[in-house]
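Before any comments, here is the structure.
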Amino acid sequence: MIVPPIQRCALPERALLRKYASGGAYTDCYATEVARSVSHAEYVEAFYTTPVFKLERFLLAWLVAKPSTDAQARQLAAGALTSFAAWSVEERSAEQLLLCDFQGRTRSWLMVESAQRGEVATTRLYFGSAVVPTRSKPLGKGTLGLTFRALHGFHKLYSRVLLRAASSRVSRSRLARP
């Protein structure tokens with residue numbers, strides 16, 4: 001199986017995350033394409049149930065007492081939950097999900113976009129983040145902080161790893177179907 005590359009790209013015009021890009025927050029957007037039709041619910045479930053993300057879920061349960069399960073990931077994907085692990089749903093549409101962390105500092109965004117490549121239905125999978133600046137008391141200016149600067153390189157790599165894992169999972173699920 002050929003795995004398409006993960007590419008950093010501009011946020012699509014209709015992206016729910018766009019309001020943070022125009023509001024001074026750090027935002028990023030990564031995308032890849034899979035050679036089949038993928039529903040938004042399938043993508044969200046795959047993203048939050050990959051082995052890579054399960055490690056993050058374990059750490060969240062252990063470090064900040066925010067446990068979660070695969071069943072809850074499925075419920076989130078189906079629109080039946082408004083919170084999951086350390087996040088709450090900020091906004092949702094048929095093709096997008098925007099989550100806010102429990103401290104209000106970061107956002108996670110997932111989107112699918114269907115396309116047609118000749119006779120093959122494809123789906124573009126997007127994953128993006130926002131880090132909202134905090135106000136520095138002495139200066140009153142917004143700052144992303146030392147922790148963000150220290151972890152920024154890791155964040156970019158980790159974003160690609162998360163999207164690759166979800167993309168691989170939805171690609172493999174196609175092979176398992178009759």
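Where a number appears in this text, it was derived from the coordinates with a stated rule and is not lab data. This structure is a prediction, so every number in the text was calculated from the model and none was measured. Because the Cβ atoms are built from the backbone with ideal geometry, glycine has one as well, and the counts that use them run over all protein chains shown.
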Computed over region 7-175, Kirkwood Rh from alpha-carbon pairs, angstrom: 16.6
Farthest positive-ward along the chain dipole, Cα basis, beta-carbon charges - from SER159, PRO4, THR122: SER159
Computed [θ] at 222 nm, helices only, for the chain once each DSSP H run of length n ≥ 4 contributes -39500 (n - 2.57): -12000 deg cm²/dmol
Karplus-derived 3J(HN,Hα), 6.51/-1.76/1.60, for each residue of region 34-41, Hz, glycine and proline x: 10, 8, 5, 7, 10, 6, 4, 4
Rg followed by Dmax, in Å, when region 1-89 is reduced to its Cα trace: 15.0, 40
Amide N of region 20-34 lying under 15 Å from the label point, which is placed 7 angstrom from the Cα of LYS156 along Cα→Cβ: 26-31
Estimated dipole of the chain in Debye, rounded to 20 [Cβ of Lys and Arg +1, of Asp and Glu -1, Cα centre]: 440
